[in-house]
Amino acid sequence: MKKCSYLLFIILFMGFPWVCKGDVFSKPKNKPRNSCTIPRRKFTATDQIEYRYGILGGQNVATIKSKNGNSTDVIAGWMGGVAMQVVWPKGFAVQPEVLYSQKGCIFSGSGFKYDIDYIETPIKLMYRLHMAEVKPFVFACPYGAYAIRIAQDGHAQSNDIPDEIYKWDFGVGAGAGFDAWKFQLSFKYTWGFLQMANETFPIRNKVFTVALGLFF
């Protein structure tokens, strides 16, 4: 009986260190509590860029910048066309447009009136704030334009641009607006850099535009 007791004691004594190294007495490994694994999707450059296409319409309030001392009045005209908007991450966007734009002016003293219609290609360089529903933006806007129709003094309409009117124009604009769902409202002011008529004094286009767009 004593031999059995000694033998049992030896077995327990020899096995105790191995038990201590096991899961019973050893400290648990550092495991994160309440951890869960969320699969992450790798975004490509295509996924991060948004493309939208739209139609635009609005009104111009146009006049000219003249340095001969003659005062000029504003003239109202319509604008409309198509646009494409490319939106990058962090709010940057580019919006090229092709527009039919009515410009011109009225000389206050003589009442002489210029109505000049252009095909215009502005490119809006935009920065948008990403909010839930409404995304405000500001933009700078270089443009080029080509005159395709003129009405002088309000009645002499012609599809042939006379020699005293220069067909080409380019300039820069600036403005602000917001995107809301599929709609876009913008306000823009543009300054022409080129002489618009063959005069001894410089006259250049100045236009304020309010435009409403529908994008898809």
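Numerical summary
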| quantity | calculated |
| --- | --- |
| Amide H contacts of F92 (H built 1.01 Å from N, under 5 Å, at least 5 apart or other chain) | R128 |
| D163, D153 arranged by Cβ crowding within 10 Å, fewest neighbours leading | D163, D153 |
| In sequence order, calculated HN-Hα J values of the stretch 116-125 (Karplus, 6.51, -1.76, 1.60; Hz; x Gly/Pro) | 10, 9, 10, 8, 10, 10, x, 10, 7, 9 |
| Cβ crowding within 10 Å averaged over residues, with 135-148, 83-96 ranked highest first | 135-148, 83-96 |
| Residue-span extension gain [Y166 to W181] - 0.36 nm each, minus C-alpha spacing | 1.4 nm |
| Flagged links, alpha-carbon separation over 32 Å, of K65/K182; K90/K167; K90/K188 | K65/K182; K90/K167 |
| Nonlocal amide H pairs with K103, under 5 Å, H built at 1.01 Å | I116, D117, Y118 |
| Order of E120, E50, E133 - criterion: other Cβ atoms within 10 Å of each residue's Cβ, fewest first | E133, E50, E120 |
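Just so you know, all these numbers are worked out from the coordinates, no wet-lab data involved. Being a predicted model, the structure only gives us computed values, none of them experimental. Neighbour counts run over all protein chains shown; Cβ positions are idealised from the backbone, glycine included.
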